[in-house]
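Taking it in order: structure first as structure tokens, then the write-up.
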């Protein structure tokens with residue numbers, strides 16, 4: 001296949017890079033991301049959640065994970081700030097009676113003080129002081145986050161020297177923030193794992209979706225480097241990187 005033919009394919013992938021919620025089915029089978037972590041976010045939540053608890057999922061995305069918990073809807077609330085997902089959540093969550101609020105500012109969440117027994121947050125934003133305001137005494141905040149070193153080899157392969165979008169997203173610094181805010185840390189962990197792509201088109205789609213990690217990425221701008229990735233795939237069958245995740249379970253001290 002010629003370089004121009006490859007470019008046409010890659011630009012088609014670039015043009016269709018759009019998702020609802022957090023749906024990566026477009027590149028299913030064309031990439032792999034190891035999801036085996038030393039903790040299970042869902043299990044931790046279920047082990048601590050009772051039906052009578054007031055639950056908030058901040059930055060719920062499309063609400064898929066929240067709905068999988070099957071928590072009583074009258075005790076469930078959610079926020080979302082990304083406009084396409086807000087629309088999706090309005091269609092999906094509001095008819096169920098879930099208290100959905102549009103919010104894109106983690107330091108100003110539109111609920112009253114001491115509203116929740118548990119706040120969960122996976123791969124979203126957070127501010128310890130605001131979380132503390134919203135939680136009842138003894139309430140729990142459970143978060144799984146993408147760390148600052150996520151996908152860095154992949155970013156450097158097409159955008160060398162690009163700055164980390166969230167350089168302080170690591171367990172050491174974020175744990176300290178919660179301790180300084182007056183939380184007791186019940187559980188904390190950090191993990192690194194592999195991610196790989198089997199064709200460059202899948203990588204292009206991914207890089208456009210995860211635009212905050214790949215600032216300014218485009219097929220035209222990065223074409224020569226994409227051709228080098230194509231050579232790696234032709235010789236090795238894949239291109240690889242490393243994911244970065246961390247977990248914090250924090251309790252509001254009475």
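Select from region 135-181 the residues that are under 16 Å from residue 208 (Cα atoms) and under 14 Å from the mean Cα position of the chain (by Cα) and list them in ascending order.
Listed by number, the residues that qualify are 150, 151, 165.
Considering 17, 106, which residue is in a loop (DSSP other than H, G, I, E, B), closer than 30 Å to residue 227 by Cα and touching a helix residue (DSSP H, G or I) at 6+ places or on another chain (Cβ under 9 Å)?
Of the residues listed, the single one that is in a loop (DSSP other than H, G, I, E, B), closer than 30 Å to residue 227 by Cα and touching a helix residue (DSSP H, G or I) at 6+ places or on another chain (Cβ under 9 Å) is 17.
Please find, within region 106-148, the residue that is surrounded by the fewest Cβ atoms within 10 Å (Cβ to Cβ) out of those that are at pLDDT 95 or above and at positive phi.
Taking the candidates together, the pick is 138.
Scan 248, 253, 239, 210 and give me the residue that is at pLDDT below 95 and surrounded by 17 or more Cβ atoms within 10 Å (Cβ to Cβ). Don't jump to the end; show me each part of the working.
On the way: 248 fails: at pLDDT below 95; 253 fails: surrounded by 17 or more Cβ atoms within 10 Å (Cβ to Cβ); 239 fails: at pLDDT below 95.
Just a single option satisfies the conditions, and that option is 210.
Residues of region 190-216 being touching a helix residue (DSSP H, G or I) at 6+ places or on another chain (Cβ under 8 Å), closer than 22 Å to residue 61 by Cβ and not in a helix (DSSP H, G or I), which ones?
Once the filter is applied, which keeps residues that are touching a helix residue (DSSP H, G or I) at 6+ places or on another chain (Cβ under 8 Å), closer than 22 Å to residue 61 by Cβ and not in a helix (DSSP H, G or I), region 190-216 yields 195, 213, 214.
Scan region 74-81 and give yes if some residue there is out of contact with any helix residue (DSSP H, G or I) (no Cβ under 9 Å at 6 or more places or on another chain), surrounded by fewer than 20 Cβ atoms within 10 Å (Cβ to Cβ) and closer than 30 Å to residue 239 by Cβ, otherwise no.
no
Restricting region 20-36 to residues that are touching a helix residue (DSSP H, G or I) at 6+ places or on another chain (Cβ under 8 Å) and part of a helix (DSSP H, G or I), which is surrounded by the fewest Cβ atoms within 10 Å (Cβ to Cβ)?
For region 20-36, the residue satisfying everything is 26.
In region 37-66, what count of residues is obtained for those that are outside any helix (DSSP H, G or I) and either in contact with a strand residue (DSSP E or B) (Cβ under 9 Å, 6 or more places away or on another chain) or within 15 Å of residue 78 (Cα to Cα) (or both)?
Number satisfying all stated conditions: 17.
The values are calculated or read from the model by the stated rules, or taken from the named source; none is laboratory data. Not measured: the values here are computed from a predicted model. Every residue, glycine among them, receives a Cβ derived from its backbone with ideal geometry; neighbour counts consider all protein chains shown.
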